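Asks: One structure, pasted below without further comment.
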Amino acid sequence: MRVYLFIAVVAGGITWLITPLVRHLAIRVGAVGRVRARDVHTVPTPRMGGIAMLIGFVGAMLVASRIPFIAGMFATGHQAWVIMAGAVLISLLGLADDLWDLDWMLKMAGQLLISVFVAWGGLQIISLPMGSLVTASPSISITVTAFLIVASINAVNFVDGLDGLASGIVAIGGIAFAIYSYIISRSFPTYASMATLIDVAMVGICVGFILHNWHPAKLFMGDSGSMLLGYLITCASIVMTGRLDPATIHASVYLPVFMPILLPALVLFLPILDMCMAIVRRLSHGQSPMHPDRMHLHHRMLRIGHSVQGAVLILWGWAALIAFGSIMILFFDLWRVAVGFSIAVVVLTIATMYPYLKHRLPQIAAEDRAYEAARNAARHAARSARTLPQADEREQREREHEQREQREQREPHKDQ
């Protein structure tokens with residue numbers, strides 16, 4: 001465990017030191033994003049922060065390759081080098097988008113090509129609880145792997161809308177996944193785990209970058225960073241879950257058997273949810289799935305009254321609840337996890353809705369008072385409408401009575 005903590009510190013330290021240099025480079029080459037209608041920030045801010053994260057990740061991996069405890073994974077196979085090559089390629093593709101705003105179809109094609117290259121290089125989902133994908137067809141294994149990588153890349157890219165949001169969510173998911181992969185690795189002769197190594201390095205670069213990216217951010221990660229994070233967290237999950245045989249893992253550790261499918265989705269639950277909602281929303285309006293708008297989860301948080309920092313912290317809380325809640329069954333009884341999860345949901349729901357309720361409740365009270373006043377006025381008008389005919393009828397009878405008396409008084413005079 002100490003080796004993994006050291007790698008995380010190395011990755012975070014390199015990223016933290018390199019980020020200011022990358023910021024100056026971004027300004028010099030003109031990688032400064034203009035303020036768009038959908039953006040939250042109001043000041044043009046440099047992008048390309050993903051390059052600093054890439055340098056931190058590759059540097060940490062190179063250091064790890066020299067540590068005896070981990071070096072065997074680099075010497076006995078080329079998987080680690082393929083993952084690093086894919087990280088470089090995906091960051092360069094994101095850098096091109098940061099500089100020239102690539103068309104979404106071109107960017108998607110690039111993501112797919114890089115994902116296929118990585119899968120062809122050996123990073124594949126070999127087996128799932130339903131059976132072996134390689135036995136069915138190697139092309140199916142490559143296809144599924146590439147699809148998962150592209151989906152995760154775009155999920156993280158979709159949620160990257162507030163300072164520190166995407167890096168924080170990925171760091172939280174990476175910590176949860178690293179704990180899970182470390183526990184799984186203890187079932188094997190060596191504790192060395194490529195999935196855990198990727199996760200801790202990824203967490204390190206996220207933390208190192210957040211120190212410069214907290215609101216108000218000095219530098220944005222851009223697509224070069226968000227695509228890198230989506231790529232890395234998917235690679236870690238594929239390295240671990242794609243090769244596990246549920247029959248060889250004790251049920252208390254590997255629960256349920258569909259965890260290879262569920263855990264990556266749970267770790268990235270918020271980004272995936274936001275991406276799915278955006279795609280459905282845009283297609284229902286007849287727009288492209290990549291058409292930008294201001295209806296993402298973070299935009300909704302700001303709209304109901306949260307500050308940028310408050311929205312980020314609450315979304316971090318939801319991400320932590322879902323990510324860590326999915327692995328708590330490894331340590332606690334299911335009913336304890338359910339109780340704790342329910343309490344956390346209530347607390348986070350109150351925190352999420354508090355600004356809205358704080359402003360909305362007085363409005364609701366004012367609306368209730370106005371409604372009550374209008375109802376009282378209507379009742380008064382109805383009573384008046386009912387009593388008015390009665391008063392007119394009484395006046396009419398009084399007039400008829402007076403006229404009758406006047407006639408009776410005149411009639412005697414006529415007789416005389």
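Here, each number is a calculation from the coordinates, and none is a lab measurement. Because the structure is predicted, anything quoted here is derived from the model rather than measured. Every residue, glycine as well, gets a Cβ built from its backbone with ideal geometry; the counts of neighbours run over all protein chains shown.
Asks: Between L348 and T76, what is the spin-label point distance in nm, taking each point 7 Å from the Cα along the Cα→C-beta axis?
Replies: Distance between the two pseudo-spin positions: 3.8 nm.
Asks: Now for a different question. Of all the C-alpha pairs in the stretch 284-349, what % are more than 20 Å from each other?
Replies: Of all Cα-Cα distances in the stretch 284-349, 48 percent exceed 20 Å.
Asks: Given labels modelled 7 Å from the Cα in the Cβ direction, how far is it in nm from M1 to W104?
Replies: Between M1 and W104, the label points sit 4.4 nm apart.
Asks: Also: For a Förster distance of 60 Å, can you work out the FRET efficiency between the beta-carbons of Q406 and L361, rounded to the nearest 0.05?
Replies: Once rounded, the FRET efficiency stands at 0.35.
Asks: How would K107, K358 line up from fewest to most surrounding beta-carbon atoms within 10 angstrom?
Replies: K358, K107
Asks: Quick check on the stretch 141-187: what are the equivalent-ellipsoid semi-axes from the Cα gyration tensor, as sqrt(5λ), descending, whole Å?
Replies: Listed largest to smallest, the semi-axes of the stretch 141-187 are 23, 20, 4 Å.
Asks: Please list the non-local residues whose amide H lies under 5 Å from the amide H of T45, H modeled 1.01 Å from N, same-chain partners needing a gap of 5 or more.
Replies: G33
Asks: Would you mind ranking F57, F324, F147 by Cβ crowding within 10 Å, fewest neighbours first?
Replies: Lowest to highest Cβ neighbour count: F147, F324, F57.
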